[in-house]
Structure formats: structure tokens, C-alpha cells
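**Q** Questions regarding the structure given below will be posed in turn.
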Amino acid sequence: MPFANIRISKGSRVLHGWYIHPLPYEMSLKDFFMKLVNKEISPECNIAVTSSEEIERIELSEALAASATQASLNCNIIELTKGVGIYIHYRLKTDITTATPASQNGFAILMQNARKSKLYLPTFPQSGNRKQTLRNDLVDWIHNNGGGWSTQSYANTQGKEFIVSLTEAIWYIDMRSHKKLEERSFHIPNIFLEFFDRANPESHKHSRKLFDANELNLHCQSLAPCATSSWMLMANFDWLRGAFDNFIVAISNYTGYLQCHRNVTAVNHASESPYDPSIKQQRSKSTSVTFGLHLSIRPNITVLNSCLAIYHHGNQLILKNTCQMILCKECVTFKVYLTHFLSKLENIDLVLEIMLLMQFQSGKLTNMLMKT
């Protein structure tokens, strides 16, 4: 089933953060919005938007950081996701605020504004070690940018949980060098860079550890709920919200890269074992085709192993970026075709089939597929 990554905002407030929803059938962008807010689609999301809200404009893009294209409310949503991109941002019209009556007491207004502007920060014990210094620096960073929580109780619960999760994620990456992400084009937003290059394990005569996909994924899962928390959607966190989303995306994509690399390595190791005809007879037809190709076409073994890794990994959310990464040194025509095909992907088995058929077009392969 086709899907789209949806966001709904009103002015500076994000009413519904990026979330992937199914597209059950073709309909207009406006009709999809009405069904979404009326809980006919993805009712579990409980989106706090009414059908009376007016849509100011709709923007589509092929990636979070890519330039957006505006679309008419009446355009077909599945057709647009195939041709333009799956990221759809609904921007709602803002309410017109009325002027404060002149008769209202000026002192009461000042006191009300003072109460509204009072923000609280989580408190941590002061300590001299580097990790705890990083944690306290993050608290000061939020304060200096006008962030904070509405009560001290929220600051010591929601705020403390956020600071601890962010500290742990940054420290984990820093112990292994954030430059490894940059080298693979997974860019950490500039706003966070001042908090890296602090761990410096070499100063303690320790070597830098390797990234582990499962460990990094745990940090990503710890940070993700904060992105759509009610406090993050408040105006005093406008300066952080977008960069924080991109930080999570960078970690998530690098996690996908690590998992894919791990699967490729596993397939490569498996390919070193001798061929046993009895094994082939015990496998399914699709597995037999793949195994036969793997043995017969040695010059393309790297691409084939990469395809197998994606097939076994089976994560549609990172599939497009992963394929583009794998194919960066391959045939341009193949890359363009595959990218277009992935934009309307419904079945991962088809990806493997298309990649194989596009990469190996010889008559010998065709005969082999037919025999198998």
C-alpha cells in the first residue's frame, strides 16, 4: 500500500509531527486531510485538529531537507507522491488575534504576561567530569535560547528526561566520533556541533569504539518521543524543533546504514562457503534464483550482495536512501530507474527483482531465470 509522511502546522506551532500514514486509495489532498483529522485514516494518532481548520497551502518534497513544491488542494495524493515526493506538509491558516480591550487593567496584563513568560529548567548536581559538564551545558544552552518548561515539576520530569536522553546520545556518538556520520553524508545539524569533540577517549589512553546499530537505535528511540511532545511544540522551543527533528533523522539513517552494512558483511561471509546442490533444492523459488545468480555472475557480486542485504533488512522507511547510497558508483541509468521505481514501492520482493533484472540483462541470465 502506498504511504506518505505527513506534518500539520499552524503558524509556528506543529500540530502533528512527521508521521507515516497509509494511502488506501486515490483521493485529493484535501479529502485526505479531512479523513485524517476525522480519524477515518490512522485513528490511533488522535490528531488535535478539527475539520473546520482552513488549509493555507500544501507543500511536498522528496526528503525532509529538500526544497518543497506547493500543490493544489484538488491534486490526487497518490499521483503526487509518485511524481514529487512522499513528504507532505499541511500549513493551516493562523487565527486573527483581536486587540486587548483598553478597559483591561494594565497591571493585570503585565502580571499575566510575567506568569506566561516564567520558564523553569531541570536541575542537576554540579560535577567536574566531562559528561556531567555536557549535561549542565545543555541546560544552559536551552536557557540562553529562551527555552524552558512551564512549571518546575515539568522541568524536573519532562525536561530532565530530555536532557539525559540528549546527553547520552551525544556522548555515545562523540565517543565513536561524529565525523564518521559526516563521512557517510549523515549530517548532524550545526546547532549541536558545539557539544561534540568533548569525550576525547584518546586523552585517557582509550581507543575509540565502533558504532553498534542496536545501541545507536536505542538512543534514537529514546529521543524520538521528545520530538512530538507537547512541550516541544510550544513557541519557546521553535528555535530547536526543526534541528532536533533533523538530528533524529541523521541518527536513524546512520543506524539503517550500519544495519545494511552488517547484513552485506553477513552475506559476503556466507558466499565464501562451497556450493551444495542439496541446499538449493530445499529453498524457495525466489531464494534459488538469487543463489544461482550469486554463483554465476561474479563481476556483480557487490551489487547483488547489497540487494540481498536490503531484501533481508526489509525496512521500507530507509530503503530509498540505502539504495541510493549503494548505487552511487553504479550505472546512472540503473540508478535513475530504481529511484523512480522506489517512489511507488509496495512490495520489497519487487525491489530485489527489479534490481536484478536491471543489473543483469544478458540472455544467459534470462535463460537461467526461466529454467529456475
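Readers should treat all values here as calculations from the given coordinates under stated rules, not as data from a laboratory. A quick note: this is a predicted structure, and the numbers were derived from the prediction, not measured. Positions of Cβ are backbone-derived with ideal geometry, glycine not excepted, and every protein chain shown enters the neighbour counts.
**Q** With θ set to phi - 60° and the Karplus curve 6.51 cos²θ - 1.76 cosθ + 1.60, what are the ³J(HN,Hα) couplings of the range 176-189 in order, to the nearest whole Hz, using x for Gly and Pro?
**A** 10, 5, 5, 5, 5, 5, 4, 4, 9, 6, 9, 8, 7, x
**Q** Taking H as built 1.01 Å from N, whose amide H comes closer than 5 Å to the amide H of ALA4, not counting residues under 5 places away?
**A** Sorted by chain and number, the residues that satisfy this are HIS21, LEU23.
**Q** Let me ask something else about it. Using only the Cα atoms of the range 113-240, build the gyration tensor, take square roots of its eigenvalues as a ≥ b ≥ c, and label the shape rounded, prolate or oblate: rounded if a/c is under 1.5, else prolate if a/b is larger than b/c, else oblate.
**A** Taking the square roots of the gyration eigenvalues as a ≥ b ≥ c, the range 113-240 is prolate.
**Q** Could you work out how much longer the chain between ASN144 and ASN200 gets when fully extended? Use 0.36 nm per residue separation minus the Cα distance between them, nm to one decimal.
**A** 17.6 nm
**Q** Kindly work out what percent of the DSSP beta bridges joining two residues of the range 3-92 are antiparallel, to the nearest 5.
**A** 75 percent
**Q** Sort TRP239, TRP141 so the one with the fewest other Cβ atoms within 10 Å of its own Cβ comes first.
**A** By the 10 Å Cβ count, ascending, the order reads TRP239, TRP141.
**Q** Would you grab the residues whose amide H sits under 5 Å from the one on ARG57? Only those 5+ places off in sequence or on another chain, please, with H modelled 1.01 Å from N.
**A** Close amide H contacts, sequence-distant or interchain: ARG91.
**Q** Using modelled backbone amide H atoms (1.01 Å from N, in-plane), which distant-in-sequence or interchain residues come within less than 5 Å of THR69's amide H?
**A** LEU60, SER61
**Q** Each residue of the range 46-58 in order: what ³J(HN,Hα) in whole Hz does its phi give by Karplus 6.51 cos²θ - 1.76 cosθ + 1.60, θ = phi - 60°, with x for Gly and Pro?
**A** 6, 5, 7, 9, 9, 5, 7, 5, 9, 7, 7, 6, 10
**Q** Please arrange TYR19, TYR25 by how many other C-beta atoms lie within 10 Å of their C-beta, fewest to most.
**A** Arranged by neighbour count, lowest to highest, TYR19, TYR25 become TYR25, TYR19.
**Q** Residue by residue, what Karplus-based ³J(HN,Hα) values in Hz, rounded to whole numbers, does the range 227-242 have, using 6.51, -1.76 and 1.60 with θ = phi - 60° and x for Gly and Pro?
**A** Along the range 227-242, the couplings run 5, 10, 5, 4, 5, 5, 7, 6, 4, 6, 10, 4, 5, 9, 4, x Hz.
**Q** Throw me the Rg/Rh for the range 3-92, computed over C-alpha atoms with Kirkwood Rh, two decimals.
**A** 0.91
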